[in-house]
Amino acid sequence: MNEIVGKPIDRVDGRLKVTGKATYSAEYFPKNMVYGVLVLSTIAKGRIKNIDSRQAERVPGFVGIMSYKNSMSLHFPQGADPGAGKFAEKDLLPMQNNRIYYDGQAVAVVMAETFEQAEHAASLVKIDYEIEKPTVGLEGNLSSKYKPAAGMGGAQIQAMRGDADAALHSSEVKFEQTYTTPVYHHNAMEPHATIAEWTGDNLMVYDATQSVTGVRSLLSAMLGAPSDKINVVALFIGGGFGSKGFTWPNTILTAMAAKQINRPVKLVLSRQQMFTTAGRRSQTIQKISFGATSAGKLTSTKHETISESSFVDEYVETAGLATNMLYSCPNVEVSHSLVRLNRVTPCPTRAPGEAPGTFALEVAMDELAYQLKMDPVQLRLVNYADTDEGKSKQFSSKNLKECYRRGAEAIGWAQRNPQVGSMREGDYLVGYGMATATYPANRSPSSAKAILYADGHAEIMCATQDIGTGTYTIMTQAAADIFGLPVEKVQVKLGNSAYPKGANSGGSQVTASVGPAIRAAAVGVLEKLKKMAISDNASPLHGHKEENIFASDGRIHLKDNADKGETYTQLLNRQGLQKVEALAKTNVSNRQQTESNPAAKGTAEASAEEESKTNPAVQEDEHVDRKPYSFHSFGAQFVRVLVDPLLNRVKVDRAVSVMDIGKVMNLKLATNQIMGGMIFGIGMALLEETAYDPNNGRVVTRDLAQYLVPVNADMPQLEVQFIDIPDPIISPIGARGIGEIGITGITAAINNAIYHATGKRVRDLPVTLDKLI
């Protein structure tokens, strides 16, 4: 290793982004392109009786309108895995009939020569509805709740060990409270955007997506087009947060519209449209029950979650899953129930499950600590889980105690007066709070291609994507480390479905999934170079053993004699080669403990599988027995708040996050990523909430003027630390994903700090001024 990994280098795509040269999905302009604008339903349930587009058709530049009356027929997709292509609403294929299931459902696409013409024409489309009474409001429909059989991808979501009810009944100390979280919206900076262009039977799509290969598979299945005729590109994504992990109607409709008029079509959602037609987080009601000894040892834990989904698909906000493994307890029951409402289907959102789940669990732990008159950190140490008791497995790596120690030291926890409302700073009440952070460490099969050119530069290709988190940069570092090249000599190419298949950008898995594949592909190239040199009489390395040859500074040389070797350029020029390339596939998954099926013969994926059979990096990786292990990242969140007792205004003054995420691939980017999660947590705790009209079920908060998110003025002093101990079980690079763990625990820590400052416990998010009166 050349120790490039881990260094806080700048983003390799940073200059492109700040100079406006990074091309996002809406920024392509195929010849003869027209603009599409969605027409959305204005009722939450019913049927379309008539669509009157006569006024729209008179608008200059009008090209056409597509609705259920004239759209092409679609095929129902079979898959439910985002990596293989997940349509967001399996029972509502876009524009196939006149049924309306929620406010803001896509009912027509209007196309015109300019965006302004299309937008104006869309506003003139008149739709008559047969209105039915919608099912509105979670609290008022609890009688219809049911327990779903499984979560996304067949995940087990109902869990039980021991007898939680009996243990609770006999416990010395009992605790029970209910916590609620509202609907949240993703609100990525970049809206959903698609451009589709047909050339004969070939379809080119530029899409703002977290899975270019997933979109390709889904388009193939729904449109009935061969996947090898479809190419999906997403070179840069302006944030996804889960919403772009599923495919929504805009993507499919753009391809349908382009086929209908035989011209390229661009369709970009407005900010307002993203509140109704591109997913959201479910509303939750969570009941936490604890039984404990007087010394604080948990004897019973129950976590009951009720969330809501739509009538056209089933998505479960798995808020209780962390409860099943986070603390040691012999009797645990975790349950999830659903209520169907006339709303757009929810989907993964910023640490799905764990974000709202750790809010409820960690506030409940804080309440139990005060009930026991025990330090909240000490309560967590008393119930520290050395193993995953929910799965009866050992953790691949866990250093949570060190996170607690360092976080407490950084925030000044020892100076905290445990008495509620006792601390002041000038006119402000001061509060300290903490919570545990956790998120599963996922990994999926991935492939990559590495090419080393005779001029000494390398290219890496993988059909994963960088959704703004820094994937381009850390994968450049990973490849540069193996090749022994400066990062300037390595170009990583992502976001194109024509490349070898990589993991989708969701579930905090890209680093742990794609990193090993890129490493293996680079190793494959080096193995070929070593063999060339060993068999070449003119090479200084002729006759030496492969294991004694190392790569650094653009050369291969003996490990114990760096002077004995040659540059890549010298070796390839002597061989008369312009380049050497290798494919690699690391067929490892810890999500369902199964690997992917063999690729179809003759495909690039099949070539990667075949070449990987002799790749030492792949073989070493795939032969690690991961079945005995549970994979999670952990952390500790500590917060200091200031509360104005006259105005009840809350200011997060300081926040410290200490994370155990395995190997840190890039200190600068990792710090940035965790800070982003902490800022999400501030929004979740104090500001964000989607409101619905209780009468008709329509969304009320439709833009960022009404849906509040944290801005610069809300920022506290943020401090991020990492334990930085590699996890050798999850992968050879030792890194676990960090895309979501930063938001877990932080919302509870803020809530707990507010209680410490004011003595007022708010169990219904967000904590707004009125709730502190």
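The values are calculated or read from the model by the stated rules, or taken from the named source; none is laboratory data. Computed from a predicted structure; not experimentally measured. Glycine gets a Cβ as well: all are built from the backbone with ideal geometry, and neighbour counts include every protein chain shown. With ligands, DNA and RNA removed, areas are computed over all heavy atoms of the protein, side chains included. Shrake-Rupley method; radii C 1.70, N 1.55, O 1.52, S 1.80 Å.
Exactly one residue out of Glu119, Glu113 is of a type outside the set (Phe, Trp, Tyr) and in contact with a Gly (Cβ under 7 Å, 6 or more places away or on another chain): that is Glu113.
To keep it simple, each residue is scored yes or no on (1) crowded, with 24+ Cβ neighbours inside 10 Å; (2) not assigned by TED's automatic domain parsing to the domain that holds Ile743.
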residue	(1), (2)
Ala617	no, yes
Phe638	yes, no
Leu646	no, no
Arg654	no, no
Met665	yes, no
Met675	no, no
Thr690	no, no
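Right, Phe290: of a type in the set (Phe, Trp, Tyr), in a strand (DSSP E or B) and either surrounded by fewer than 24 Cβ atoms within 10 Å (Cβ to Cβ) or not assigned by TED's automatic domain parsing to the domain that holds Leu219 (or both) or not? Spelling it out, Phe290 is indeed of a type in the set (Phe, Trp, Tyr), in a strand (DSSP E or B) and either surrounded by fewer than 24 Cβ atoms within 10 Å (Cβ to Cβ) or not assigned by TED's automatic domain parsing to the domain that holds Leu219 (or both).
Can you find a residue that is open to solvent by 50 Å² or more (accessible area, probe 1.4 Å), among the charged types (D, E, K, R) and closer than 30 Å to Gly296 by Cα anywhere in the stretch 175-194? Yes.
The numbered conditions (1) touching a residue at least 24 places away in the same chain (Cβ under 8 Å); (2) of a type in the set (A, V, I, L, M, F, W, C); (3) closer than 30 Å to Glu176 by Cβ; (4) surrounded by fewer than 23 Cβ atoms within 10 Å (Cβ to Cβ) are all true for Leu381 except (1). Here Glu190 does not fit the description of being modelled with pLDDT of 95 or more and part of a strand (DSSP E or B). Taken together, Ala437, Ala479 contain a single residue that is outside the structural domain of Tyr568 (by TED's automatic domain parsing) and not aromatic (Phe, Trp, Tyr), which is Ala437. Quick one: in the stretch 1-11, which of the residues that are open to solvent by less than 70 Å² (accessible area, probe 1.4 Å) and in a loop (DSSP other than H, G, I, E, B) is nearest to Met256 (Cα to Cα)? This residue is Arg11.
Scanning the stretch 123-178 for residues that are part of a loop (DSSP other than H, G, I, E, B) and among the basic types (Lys, Arg) yields a total of 3. Any residue at all in the stretch 565-581 that's closer than 30 Å to Thr511 by Cβ, open to solvent by less than 20 Å² (accessible area, probe 1.4 Å) and of a type in the set (Gly, Ala, Ser)? The answer is no, given that none of the residues of the stretch 565-581 is closer than 30 Å to Thr511 by Cβ, open to solvent by less than 20 Å² (accessible area, probe 1.4 Å) and of a type in the set (Gly, Ala, Ser).
When Pro346, Pro330, Pro352 are checked against the criterion of being more than 29 Å from Trp413 (Cα to Cα) and either part of a strand (DSSP E or B) or open to solvent by less than 10 Å² (accessible area, probe 1.4 Å) (or both), a single residue qualifies: Pro346.
Just give me the residues in the stretch 567-587 being over 24 Å from Pro732 (Cβ atoms) and either in a loop (DSSP other than H, G, I, E, B) or of a type in the set (Gly, Ala, Ser) (or both), in sequence order.
So the first thing to find is which residues in the stretch 567-587 are over 24 Å from Pro732 (Cβ atoms), and the list is 567, 569-579.
Scanning the stretch 567-587 gives Gly576, Leu577, Gln578.
When Gly140 is tested against (1) of a type in the set (Gly, Ala, Ser); (2) touching a Leu at 6+ places or on another chain (Cβ under 8 Å); (3) free of Cβ contacts under 8 Å to residues at least 24 places away in the same chain, only condition (2) is not met. Mind listing just one residue for me: the one in the stretch 143-161 that is under 15 Å from Lys391 (Cβ atoms) and touching a residue at least 12 places away in the same chain (Cβ under 8 Å) and, of those, least open to solvent (accessible area, probe 1.4 Å)? My answer is Ile157. Of the residues making up the stretch 453-485, just one is more than 21 Å from the chain's Cα centre (by Cα), under 15 Å from Asn666 (Cα atoms) and free of Cβ contacts under 8 Å to residues at least 60 places away in the same chain, namely Ala479.
Table: residues versus (1) crowded, with 22+ Cβ neighbours inside 10 Å; (2) more than 32 Å from the chain's Cα centre (by Cα).
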position	(1), (2)
Thr42	no, no
Arg54	no, yes
Gly64	no, yes
Gln78	no, no
Lys90	no, no
Pro94	yes, no
Glu113	no, yes
His120	no, yes
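Exactly one residue out of Met374, Met365 is surrounded by 19 or more Cβ atoms within 10 Å (Cβ to Cβ), closer than 17 Å to Gly296 by Cβ and at pLDDT 95 or above, and it is Met365.
Pairing each residue of the stretch 702-725 that is in the same structural domain as Met659 (by TED's automatic domain parsing) and in contact (Cβ under 8 Å) with a residue 40 or more places away in the chain with any residue that is aromatic (Phe, Trp, Tyr) and open to solvent by less than 80 Å² (accessible area, probe 1.4 Å), provided the two are 6+ apart or on different chains, yields C-beta distances under 8 Å for Arg702/Phe275; Asp703/Phe275; Tyr707/Phe275.
Here the condition is being free of Cβ contacts under 8 Å to residues at least 60 places away in the same chain, in a loop (DSSP other than H, G, I, E, B) and over 19 Å from the mean Cα position of the chain (by Cα); of Lys564, Lys601, it holds for Lys601 alone.
Restricting the stretch 488-504 to residues that are surrounded by fewer than 24 Cβ atoms within 10 Å (Cβ to Cβ) and among the basic types (Lys, Arg), the residue that is nearest to Ile460 (Cα to Cα) is Lys493. Pairs meeting the criteria (first residue in the stretch 37-51 and farther than 23 Å from Lys133 by Cβ, second residue acidic (Asp, Glu), beta carbons under 6 Å, at least 6 apart or on different chains) are Val37/Glu119. Among the conditions (1) closer than 14 Å to Ile682 by Cβ; (2) buried (at least 18 other Cβ atoms within 10 Å of the Cβ), the only one that Thr768 does not satisfy is (2). All but one of (1) open to solvent by 40 Å² or more (accessible area, probe 1.4 Å); (2) closer than 24 Å to Ala196 by Cα; (3) assigned to a helix (DSSP H, G or I) hold for Arg15; state the number of the condition that does not hold. The failed condition is (2).
Reported count of residues in the stretch 533-551, each being open to solvent by less than 40 Å² (accessible area, probe 1.4 Å) and part of a helix (DSSP H, G or I), is 2.
Within the stretch 695-747, restricting attention to residues that are touching a strand residue (DSSP E or B) at 6+ places or on another chain (Cβ under 7 Å) and of a type in the set (Ser, Thr, Tyr), the residue that is most open to solvent (accessible area, probe 1.4 Å) is Thr701. Of the residues making up the stretch 381-425, those that are hydrophobic (A, V, I, L, M, F, W, C) and under 22 Å from Ile750 (Cα atoms) are Leu381, Leu400, Cys403, Ala408, Ala410, Ile411, Trp413, Ala414, Val420, Met423. Looking at this structure, is Pro30 surrounded by 14 or more Cβ atoms within 10 Å (Cβ to Cβ) and either not assigned by TED's automatic domain parsing to the domain that holds Asp553 or not in a strand (DSSP E or B) (or both)? Yes, satisfied.
Screening the candidates Asp103, Asp128 for the property of being surrounded by 15 or more Cβ atoms within 10 Å (Cβ to Cβ), among the acidic types (Asp, Glu) and modelled with pLDDT of 95 or more yields one hit, Asp103.
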